[in-house]
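For reference, the structure discussed in these notes is given below.
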Amino acid sequence: MPRLGFAANFNRETYSLKPLETIQTVPAPPQRPIDAHKGTFGTVMVVGGCATMMGAPALCASAALRSGAGLVKIAAPMNVLAVALGVEPSATGVVLHENTTDSMFNLDQADTAQQAILAVGPGLGQSASCQELVDQLLRGNRTVVLDADGLNVLAKTNRPRPVPGPLLVVTPHPGEYTRLAKPLQITTSPTDPATRPAAAAQFALAQRAVVVLKGQHSVVSDGQHVYINHTGNPAMATAGSGDVLTGLIAALIAQHMTPLDAAVLGVYLHGLAADIWSERFGPSGLTASDLARFLPQAFDRHRNSR
């Protein structure tokens, strides 16, 4: 794969260009020791859900479980939990409240060691309390995979993150990317194939994050490296597929992959699961729940191809 684009070395005032290193090889899936137990494979906590989007956190949780996480918890308002846990009964629940202090208390009680990987945003909504909760989580110590309404909240107050801060993976589509990049005065096009790698790298450097710029040939960058994905097909253009990707990446980080490796492997397997589904059913009709169910086959094919 040739080098594609250039990274911007962010210093809050200007950008200086340097070549990006292209990632050539997709990482191997996490090891599964024969003497493992659920604690071996980490915990994912999905923070999301509202009255009109109750399925989103359940889809994210299902994807995390099917991607090997040992334990998955859904943190959502009580009325959402009743539905989400019915969709994914292998997850457990944490109640979120309108009061951010109460929500943070419940999250901390459910993860006293603060080692869970947070998947923040699926169906969360954009209320004032949600904005405050996301802001608090981004100032904490847990690794965060941020998507959907989590990104919408971030875009409203977007600024270079303080140091130190949690490890962060953001997964915007081009429209979300544009809203996130504007406050940082990043104007590189997220839709032009020639500039998408640079766009991802610039934002990654600005926010000290791993960026998954979604779309055809999704781009992953940490600001120094770039990966261009080539799995996937038009059947993936369906509501909820992003929630599945968020849970998948969070699960890989929970199993001790670095955020960059988890994002690279995650986008590859996400597309591969859709390719395996399409081999049987064609280019349309895929649902996000189908996509999550085909993740184990994608993992298996990738293991066997190495």
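Values in this text are rule-based calculations from the coordinates and carry no lab data. Being a predicted model, the structure only gives us computed values, none of them experimental. All Cβ positions, even for glycine, are placed from backbone atoms using ideal geometry, and neighbour counts span all protein chains on display.
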C-alpha center-to-center spacing [region 89-123, region 164-196] in angstrom: 27
P(r) for region 107-238, please, calculated from all Cα pair distances in 5 Å bins and given in %. 2, 11, 20, 23, 19, 13, 8, 3, 1, 0
Please label the shape of region 211-259 as rounded, prolate or oblate, based on the square roots a ≥ b ≥ c of the eigenvalues of the alpha-carbon gyration tensor (a/c under 1.5 means rounded; beyond that, a/b larger than b/c means prolate, else oblate). oblate
Inter-label distance for Asn99 and Gln224, nm, one decimal - labels placed 7 Å from Cα along Cα-to-Cβ: 4.5
Average Cα contact separation per residue, the chain, under 8 Å, 6 or more apart, as relative contact order %: 21
Quick check: pseudo-label points 7 Å beyond the Cα along Cα→Cβ at Gln114 and Ala36, how many nm apart are they? 2.7
Provide, for q = 0.16 Å⁻¹, the log10 of I(q)/I(0) from a solvent-free Debye sum over equal Cα point scatterers in region 179-306. -0.79
Region 235-280: proportion of alpha-carbon pairs further apart than 16 angstrom, %: 37
Based on the Cα gyration tensor of the chain, what are the three equivalent ellipsoid semi-axes, each the root of five times an eigenvalue, rounded to whole Å and given largest first? 27, 24, 18
Residue-averaged [θ]222 nm for the chain, counting only DSSP H segments that reach four residues, each worth -39500 (n - 2.57): -12500 deg cm²/dmol
How would you rank His256, His270, His217, going from fewest to most other Cβ atoms within 10 Å of each one's own Cβ? His256, His217, His270
Which of Ser129, Ser305, Ser103 has the fewest other C-beta atoms within 10 Å, and how do the rest follow up to the most? Ser305, Ser129, Ser103
For each of Asp290, Asp102, count neighbouring Cβ atoms within 10 Å of the residue's Cβ, then give the residues from fewest to most. Asp102, Asp290
Given charges at beta-carbon only (K, R positive; D, E negative), |dipole| of region 148-306 in Debye: 320
Whole-Hz couplings from phi, Karplus 6.51/-1.76/1.60, listed for region 205-219; x for Gly and Pro: 5, 4, 10, 6, 9, 9, 10, 10, 8, 6, x, 4, 6, 3, 10
